[in-house]
1. Conditions first: (1) over 25 Å from P288 (Cα atoms); (2) outside any loop (DSSP other than H, G, I, E, B). Q93 passes all but one, so which condition is the exception?
2. So, in region 227-253, of the ones that are outside any loop (DSSP other than H, G, I, E, B) and within 11 Å of the ligand (Cβ to nearest atom), which residue ends up nearest to L118 (Cα to Cα)?
3. Quick one: P271 ticks every box in (1) within 29 Å of V130 (Cβ to Cβ); (2) surrounded by fewer than 15 Cβ atoms within 10 Å (Cβ to Cβ) except a single one, so which number is it?
4. Go over the candidates D347, D286, D280 one by one and state the one that is at positive phi and open to solvent by 20 Å² or more (accessible area, probe 1.4 Å).
5. Criterion first (farther than 18 Å from L137 by Cα, open to solvent by less than 10 Å² (accessible area, probe 1.4 Å) and either within 16 Å of the ligand (Cβ to nearest atom) or not assigned by TED's automatic domain parsing to the domain that holds V70 (or both)) does V256 satisfy it?
6. I need a count of the residues in region 87-103 that are surrounded by 18 or more Cβ atoms within 10 Å (Cβ to Cβ) and either within 16 Å of the ligand (Cβ to nearest atom) or among the hydrophobic types (A, V, I, L, M, F, W, C) (or both).
7. Identify all residues within region 24-51 that are surrounded by 18 or more Cβ atoms within 10 Å (Cβ to Cβ) and part of a loop (DSSP other than H, G, I, E, B); write none if there are none.
Amino acid sequence: MLLVRGAVKAYDWGLVDGLARWSESTGEPQAELWFGVHPGGPSPLLDGNWRPTGEHLGDRFDVEAIPLLVKLLAAAKPLSVQVHPRRHVAADQYALQREDEPVIYTDPFEKTEMLIALEDFEAFAGWRAVDQSIAFLEAIEGTLLAVRSLRTGTLADAIRVLLELGTPERIASLPEAARVASLPDEQVAAYATVADLYPDDAGALLTPLLDYLRLAPGEAVYVPAGVPHSYIRGTGLEVMSSSDNVVRLGLTSKPVHVDHAIAALVPDLRPQVLRTSHGDLIWPIDSPFVVRVLRAGEEKILSGSYRIVLLIEGAASVESVNAETSLREGTAAVMDARDPDALVRADGLVAIIQSTER
Ligand SMILES: [Zn+2]
(Lines give C-alpha, C1' and ligand atoms only; values in the text may rest on other atoms or scores of the structure.)
Protein backbone atom coordinates (compact mmCIF):
# COMPACT_ATOMS: atom_id res chain seq x y z
CA MET A 1 0.00 0.00 0.00
CA LEU A 2 1.37 3.39 -1.02
CA LEU A 3 0.23 6.90 -0.15
CA VAL A 4 0.05 9.58 -2.90
CA ARG A 5 -1.25 13.04 -3.55
CA GLY A 6 -2.50 14.43 -6.87
CA ALA A 7 -0.44 16.08 -9.61
CA VAL A 8 -2.02 19.49 -10.43
CA LYS A 9 -2.92 20.42 -14.02
CA ALA A 10 -3.51 24.16 -14.48
CA TYR A 11 -5.53 24.11 -17.74
CA ASP A 12 -7.23 27.42 -18.57
CA TRP A 13 -10.77 26.05 -18.13
CA GLY A 14 -10.05 25.34 -14.46
CA LEU A 15 -11.52 27.18 -11.49
CA VAL A 16 -9.21 29.61 -9.67
CA ASP A 17 -8.01 27.62 -6.64
CA GLY A 18 -10.83 25.17 -7.43
CA LEU A 19 -8.76 22.22 -6.18
CA ALA A 20 -6.87 24.02 -3.41
CA ARG A 21 -8.58 22.11 -0.62
CA TRP A 22 -7.07 18.91 -2.09
CA SER A 23 -3.68 20.41 -2.98
CA GLU A 24 -2.60 23.98 -2.27
CA SER A 25 -3.60 27.51 -3.24
CA THR A 26 -1.87 28.90 -6.34
CA GLY A 27 -4.17 31.86 -7.11
CA GLU A 28 -4.44 30.39 -10.64
CA PRO A 29 -6.98 28.20 -12.43
CA GLN A 30 -6.75 24.62 -11.20
CA ALA A 31 -8.39 22.15 -13.56
CA GLU A 32 -7.39 18.63 -12.58
CA LEU A 33 -5.56 16.66 -9.91
CA TRP A 34 -4.20 13.36 -11.27
CA PHE A 35 -3.85 10.19 -9.22
CA GLY A 36 -2.02 7.59 -11.26
CA VAL A 37 1.12 6.75 -13.22
CA HIS A 38 0.36 8.40 -16.56
CA PRO A 39 3.55 10.25 -17.64
CA GLY A 40 1.42 13.38 -18.24
CA GLY A 41 1.02 13.76 -14.47
CA PRO A 42 2.54 11.08 -12.23
CA SER A 43 1.40 11.30 -8.60
CA PRO A 44 3.98 12.19 -5.92
CA LEU A 45 4.48 9.58 -3.18
CA LEU A 46 4.04 10.66 0.45
CA ASP A 47 5.52 9.30 3.66
CA GLY A 48 3.44 8.47 6.75
CA ASN A 49 3.42 12.15 7.72
CA TRP A 50 2.01 13.16 4.29
CA ARG A 51 5.37 14.66 3.19
CA PRO A 52 6.57 14.08 -0.39
CA THR A 53 9.28 11.45 -0.57
CA GLY A 54 10.66 12.78 -3.88
CA GLU A 55 9.47 9.64 -5.69
CA HIS A 56 6.40 9.14 -7.86
CA LEU A 57 3.90 6.29 -8.03
CA GLY A 58 5.41 5.16 -11.34
CA ASP A 59 8.81 4.72 -9.67
CA ARG A 60 7.36 1.93 -7.55
CA PHE A 61 4.75 0.32 -9.79
CA ASP A 62 4.80 -0.83 -13.41
CA VAL A 63 2.42 1.04 -15.68
CA GLU A 64 0.56 -2.27 -16.27
CA ALA A 65 -0.11 -2.61 -12.51
CA ILE A 66 -1.96 0.73 -12.47
CA PRO A 67 -4.65 0.44 -15.19
CA LEU A 68 -6.71 3.41 -14.00
CA LEU A 69 -6.26 7.15 -13.78
CA VAL A 70 -8.35 9.00 -11.18
CA LYS A 71 -8.83 12.76 -11.22
CA LEU A 72 -10.49 15.47 -9.23
CA LEU A 73 -11.78 18.01 -11.73
CA ALA A 74 -12.96 21.63 -11.32
CA ALA A 75 -14.44 23.18 -14.47
CA ALA A 76 -15.20 26.92 -14.44
CA LYS A 77 -16.00 26.95 -18.15
CA PRO A 78 -16.74 24.36 -20.84
CA LEU A 79 -14.02 21.87 -21.74
CA SER A 80 -13.39 21.13 -25.38
CA VAL A 81 -15.85 19.11 -27.43
CA GLN A 82 -13.86 15.90 -27.53
CA VAL A 83 -13.84 12.21 -28.24
CA HIS A 84 -11.49 9.51 -26.96
CA PRO A 85 -10.33 6.68 -29.21
CA ARG A 86 -11.27 3.04 -28.69
CA ARG A 87 -8.50 0.54 -28.08
CA HIS A 88 -7.73 -0.45 -31.70
CA VAL A 89 -7.87 3.18 -32.92
CA ALA A 90 -5.50 4.37 -30.19
CA ALA A 91 -3.03 1.55 -30.79
CA ASP A 92 -3.04 1.98 -34.59
CA GLN A 93 -2.79 5.76 -34.55
CA TYR A 94 -0.13 5.83 -31.85
CA ALA A 95 1.97 3.42 -33.93
CA LEU A 96 1.47 5.50 -37.10
CA GLN A 97 2.43 8.77 -35.44
CA ARG A 98 5.78 10.09 -36.61
CA GLU A 99 8.32 11.73 -34.35
CA ASP A 100 8.59 14.85 -36.50
CA GLU A 101 4.82 15.45 -36.40
CA PRO A 102 2.79 17.12 -33.65
CA VAL A 103 1.63 14.63 -31.01
CA ILE A 104 -2.08 13.77 -31.23
CA TYR A 105 -2.01 10.43 -29.38
CA THR A 106 -0.02 10.54 -26.12
CA ASP A 107 -0.21 6.77 -25.55
CA PRO A 108 -1.53 3.64 -27.29
CA PHE A 109 -4.45 3.08 -24.90
CA GLU A 110 -8.22 3.46 -24.92
CA LYS A 111 -9.69 6.21 -22.77
CA THR A 112 -13.03 5.28 -21.32
CA GLU A 113 -14.16 7.57 -18.52
CA MET A 114 -16.77 8.24 -15.87
CA LEU A 115 -17.56 11.53 -14.18
CA ILE A 116 -19.16 11.45 -10.73
CA ALA A 117 -20.57 14.80 -9.63
CA LEU A 118 -19.34 16.15 -6.30
CA GLU A 119 -21.57 19.19 -6.74
CA ASP A 120 -24.18 20.04 -9.41
CA PHE A 121 -22.47 19.26 -12.68
CA GLU A 122 -23.48 20.12 -16.25
CA ALA A 123 -22.26 18.34 -19.35
CA PHE A 124 -22.86 17.75 -23.01
CA ALA A 125 -22.50 14.01 -23.63
CA GLY A 126 -23.63 11.77 -26.45
CA TRP A 127 -25.90 12.75 -29.31
CA ARG A 128 -29.09 14.73 -28.92
CA ALA A 129 -32.20 13.16 -30.48
CA VAL A 130 -31.96 14.00 -34.21
CA ASP A 131 -35.39 15.72 -34.29
CA GLN A 132 -34.29 17.99 -31.46
CA SER A 133 -30.97 18.84 -33.14
CA ILE A 134 -32.85 19.64 -36.35
CA ALA A 135 -35.34 21.91 -34.54
CA PHE A 136 -32.42 23.66 -32.85
CA LEU A 137 -30.43 24.16 -36.06
CA GLU A 138 -33.51 25.31 -37.98
CA ALA A 139 -33.68 28.21 -35.53
CA ILE A 140 -30.19 29.32 -36.61
CA GLU A 141 -30.05 31.21 -39.89
CA GLY A 142 -28.22 29.63 -42.82
CA THR A 143 -27.81 26.08 -41.49
CA LEU A 144 -29.97 24.35 -44.10
CA LEU A 145 -27.05 22.26 -45.35
CA ALA A 146 -26.38 20.89 -41.89
CA VAL A 147 -30.07 20.11 -41.38
CA ARG A 148 -30.07 18.28 -44.70
CA SER A 149 -27.02 16.25 -43.64
CA LEU A 150 -28.76 15.24 -40.43
CA ARG A 151 -31.89 14.22 -42.34
CA THR A 152 -30.32 12.27 -45.15
CA GLY A 153 -26.56 12.06 -44.62
CA THR A 154 -24.26 10.97 -41.83
CA LEU A 155 -23.27 12.59 -38.56
CA ALA A 156 -19.78 13.01 -39.99
CA ASP A 157 -21.23 15.08 -42.88
CA ALA A 158 -23.17 17.24 -40.43
CA ILE A 159 -20.04 17.83 -38.32
CA ARG A 160 -18.01 18.93 -41.33
CA VAL A 161 -20.77 21.25 -42.58
CA LEU A 162 -21.32 22.84 -39.16
CA LEU A 163 -17.61 23.52 -38.75
CA GLU A 164 -17.76 25.35 -42.11
CA LEU A 165 -20.82 27.32 -41.00
CA GLY A 166 -19.49 28.27 -37.55
CA THR A 167 -19.42 32.05 -37.93
CA PRO A 168 -19.58 34.47 -34.96
CA GLU A 169 -23.13 35.54 -35.96
CA ARG A 170 -24.45 31.98 -35.90
CA ILE A 171 -22.60 31.20 -32.64
CA ALA A 172 -24.07 34.33 -31.04
CA SER A 173 -27.56 33.09 -31.93
CA LEU A 174 -27.17 29.76 -30.08
CA PRO A 175 -29.03 30.78 -26.87
CA GLU A 176 -31.94 32.35 -28.76
CA ALA A 177 -32.16 29.32 -31.05
CA ALA A 178 -32.22 27.06 -27.98
CA ARG A 179 -35.14 29.11 -26.68
CA VAL A 180 -36.97 28.96 -30.02
CA ALA A 181 -36.48 25.18 -30.02
CA SER A 182 -38.23 25.11 -26.61
CA LEU A 183 -35.22 23.81 -24.69
CA PRO A 184 -35.38 24.33 -20.89
CA ASP A 185 -33.89 27.47 -19.34
CA GLU A 186 -30.85 25.66 -17.96
CA GLN A 187 -29.92 24.62 -21.50
CA VAL A 188 -30.52 28.13 -22.85
CA ALA A 189 -28.12 29.32 -20.13
CA ALA A 190 -25.54 26.68 -21.08
CA TYR A 191 -25.66 27.82 -24.72
CA ALA A 192 -25.33 31.45 -23.59
CA THR A 193 -22.14 30.41 -21.77
CA VAL A 194 -20.82 28.67 -24.87
CA ALA A 195 -21.60 31.68 -27.11
CA ASP A 196 -20.10 34.06 -24.59
CA LEU A 197 -16.83 32.21 -24.00
CA TYR A 198 -16.22 30.85 -27.52
CA PRO A 199 -17.66 33.59 -29.83
CA ASP A 200 -15.41 32.71 -32.77
CA ASP A 201 -14.77 29.00 -32.20
CA ALA A 202 -16.48 27.20 -35.10
CA GLY A 203 -16.77 24.07 -32.94
CA ALA A 204 -19.37 25.90 -30.82
CA LEU A 205 -21.85 25.19 -33.62
CA LEU A 206 -21.45 21.45 -32.97
CA THR A 207 -22.97 21.70 -29.49
CA PRO A 208 -26.61 21.58 -30.79
CA LEU A 209 -25.77 18.00 -31.84
CA LEU A 210 -24.90 17.03 -28.27
CA ASP A 211 -27.23 15.91 -25.52
CA TYR A 212 -27.31 18.02 -22.36
CA LEU A 213 -27.34 16.55 -18.89
CA ARG A 214 -27.26 17.77 -15.35
CA LEU A 215 -25.97 15.63 -12.51
CA ALA A 216 -26.74 16.05 -8.80
CA PRO A 217 -23.99 15.17 -6.29
CA GLY A 218 -23.40 11.41 -6.35
CA GLU A 219 -24.83 10.95 -9.85
CA ALA A 220 -22.53 9.83 -12.62
CA VAL A 221 -22.14 9.67 -16.37
CA TYR A 222 -20.13 6.88 -17.97
CA VAL A 223 -18.61 7.93 -21.28
CA PRO A 224 -17.20 5.00 -23.25
CA ALA A 225 -14.47 5.75 -25.79
CA GLY A 226 -16.11 6.90 -29.03
CA VAL A 227 -18.80 9.07 -27.39
CA PRO A 228 -18.51 12.86 -27.92
CA HIS A 229 -18.70 15.09 -24.85
CA SER A 230 -17.87 18.45 -23.34
CA TYR A 231 -18.08 19.00 -19.60
CA ILE A 232 -19.64 22.40 -19.03
CA ARG A 233 -19.26 23.30 -15.38
CA GLY A 234 -18.78 21.81 -11.93
CA THR A 235 -16.55 19.82 -9.62
CA GLY A 236 -16.34 16.08 -9.95
CA LEU A 237 -14.41 12.89 -9.58
CA GLU A 238 -13.28 11.37 -12.83
CA VAL A 239 -12.20 7.76 -13.28
CA MET A 240 -10.76 6.47 -16.53
CA SER A 241 -8.57 3.88 -18.13
CA SER A 242 -5.00 5.18 -17.84
CA SER A 243 -4.79 7.22 -21.03
CA ASP A 244 -4.66 10.86 -22.06
CA ASN A 245 -5.79 10.42 -25.66
CA VAL A 246 -8.11 13.35 -26.43
CA VAL A 247 -9.13 14.31 -29.95
CA ARG A 248 -10.81 17.71 -30.07
CA LEU A 249 -13.50 19.20 -32.29
CA GLY A 250 -13.96 22.65 -30.73
CA LEU A 251 -14.31 24.92 -27.70
CA THR A 252 -10.57 24.98 -27.25
CA SER A 253 -7.41 26.92 -27.93
CA LYS A 254 -5.68 23.56 -28.51
CA PRO A 255 -5.44 21.99 -31.98
CA VAL A 256 -8.59 20.53 -33.50
CA HIS A 257 -8.30 17.30 -35.52
CA VAL A 258 -11.57 16.80 -37.36
CA ASP A 259 -10.62 13.70 -39.37
CA HIS A 260 -9.14 11.94 -36.34
CA ALA A 261 -12.16 12.85 -34.22
CA ILE A 262 -14.61 11.57 -36.83
CA ALA A 263 -12.60 8.34 -37.10
CA ALA A 264 -12.74 7.93 -33.30
CA LEU A 265 -16.51 8.51 -33.03
CA VAL A 266 -18.80 5.50 -32.63
CA PRO A 267 -22.17 6.97 -33.70
CA ASP A 268 -24.42 4.29 -32.13
CA LEU A 269 -22.74 4.31 -28.73
CA ARG A 270 -24.46 6.20 -25.91
CA PRO A 271 -23.26 7.46 -22.53
CA GLN A 272 -24.79 5.80 -19.46
CA VAL A 273 -26.28 8.19 -16.92
CA LEU A 274 -26.30 6.58 -13.48
CA ARG A 275 -28.75 8.24 -11.09
CA THR A 276 -26.87 7.01 -8.06
CA SER A 277 -26.26 8.71 -4.74
CA HIS A 278 -23.42 8.56 -2.25
CA GLY A 279 -22.91 5.06 -0.93
CA ASP A 280 -24.22 3.25 -4.02
CA LEU A 281 -21.93 1.00 -6.03
CA ILE A 282 -21.43 2.63 -9.42
CA TRP A 283 -20.80 -0.09 -11.98
CA PRO A 284 -21.62 0.83 -15.57
CA ILE A 285 -22.14 -1.97 -18.10
CA ASP A 286 -18.81 -3.13 -19.62
CA SER A 287 -16.86 -0.69 -17.49
CA PRO A 288 -13.21 -1.44 -16.57
CA PHE A 289 -13.79 -0.09 -13.07
CA VAL A 290 -16.29 0.14 -10.21
CA VAL A 291 -16.60 3.06 -7.81
CA ARG A 292 -18.24 3.60 -4.46
CA VAL A 293 -18.30 7.07 -2.92
CA LEU A 294 -18.82 6.35 0.77
CA ARG A 295 -20.11 8.93 3.26
CA ALA A 296 -19.40 6.99 6.42
CA GLY A 297 -18.88 3.40 7.42
CA GLU A 298 -16.64 0.52 6.40
CA GLU A 299 -15.94 -1.30 3.18
CA LYS A 300 -13.73 -4.33 2.61
CA ILE A 301 -11.78 -4.25 -0.65
CA LEU A 302 -10.42 -7.56 -1.80
CA SER A 303 -7.00 -8.45 -3.13
CA GLY A 304 -6.73 -9.40 -6.82
CA SER A 305 -7.30 -6.07 -8.54
CA TYR A 306 -5.92 -2.55 -8.58
CA ARG A 307 -7.52 -0.37 -5.87
CA ILE A 308 -7.28 3.30 -4.96
CA VAL A 309 -8.96 5.00 -1.99
CA LEU A 310 -9.16 8.79 -2.28
CA LEU A 311 -10.25 10.98 0.61
CA ILE A 312 -12.45 13.87 -0.55
CA GLU A 313 -13.75 15.17 2.78
CA GLY A 314 -13.32 14.36 6.46
CA ALA A 315 -11.23 11.42 7.63
CA ALA A 316 -10.53 7.87 6.49
CA SER A 317 -8.12 5.03 7.09
CA VAL A 318 -7.14 1.94 5.15
CA GLU A 319 -5.89 -1.14 6.97
CA SER A 320 -4.55 -4.50 5.82
CA VAL A 321 -2.55 -7.29 7.49
CA ASN A 322 0.73 -5.61 6.66
CA ALA A 323 -0.04 -1.88 6.46
CA GLU A 324 -2.21 0.84 7.87
CA THR A 325 -2.52 4.37 6.64
CA SER A 326 -4.69 7.32 7.54
CA LEU A 327 -5.65 9.70 4.76
CA ARG A 328 -5.79 13.46 4.56
CA GLU A 329 -8.15 15.24 2.16
CA GLY A 330 -6.65 15.01 -1.32
CA THR A 331 -4.46 11.99 -0.55
CA ALA A 332 -5.04 8.43 -1.69
CA ALA A 333 -3.97 4.92 -0.70
CA VAL A 334 -2.95 2.81 -3.69
CA MET A 335 -2.89 -0.99 -3.77
CA ASP A 336 -1.98 -3.25 -6.65
CA ALA A 337 -3.53 -6.65 -7.33
CA ARG A 338 -0.96 -8.46 -5.15
CA ASP A 339 -1.59 -6.34 -2.06
CA PRO A 340 -3.78 -8.13 0.51
CA ASP A 341 -7.43 -7.47 1.34
CA ALA A 342 -7.94 -4.12 3.03
CA LEU A 343 -10.58 -2.46 5.17
CA VAL A 344 -11.58 1.17 4.49
CA ARG A 345 -13.09 3.19 7.33
CA ALA A 346 -14.67 6.49 6.31
CA ASP A 347 -16.10 9.43 8.16
CA GLY A 348 -16.70 12.13 5.58
CA LEU A 349 -16.54 11.34 1.89
CA VAL A 350 -14.17 8.78 0.43
CA ALA A 351 -13.99 7.38 -3.10
CA ILE A 352 -13.13 3.69 -3.43
CA ILE A 353 -12.18 2.77 -6.96
CA GLN A 354 -11.37 -0.74 -8.15
CA SER A 355 -10.30 -2.15 -11.48
CA THR A 356 -12.55 -4.91 -12.84
CA GLU A 357 -9.84 -6.21 -15.17
CA ARG A 358 -7.54 -8.85 -13.78
ZN1 LIG B 1 -13.17 13.29 -21.92
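The values are calculated or read from the model by the stated rules, or taken from the named source; none is laboratory data. Source: prediction; values computed, not measured. A quick note on method: Cβ atoms are made from the backbone with ideal geometry, for glycine too, and the neighbour counts reach across all protein chains shown. Note: accessible area is taken over every heavy atom of the protein model, side chains too, but ligands, DNA and RNA are not part of it. Shrake-Rupley method; radii C 1.70, N 1.55, O 1.52, S 1.80 Å.
1. Here Q93 clears every test but (1).
2. E238
3. Only one criterion is unmet by P271, namely (2).
4. D286
5. Spelling it out, it is not the case that V256 is farther than 18 Å from L137 by Cα, open to solvent by less than 10 Å² (accessible area, probe 1.4 Å) and either within 16 Å of the ligand (Cβ to nearest atom) or not assigned by TED's automatic domain parsing to the domain that holds V70 (or both).
6. Matching residues across region 87-103 total 2.
7. Hits for region 24-51 are A31, G36, V37, H38, G41, P42, S43.
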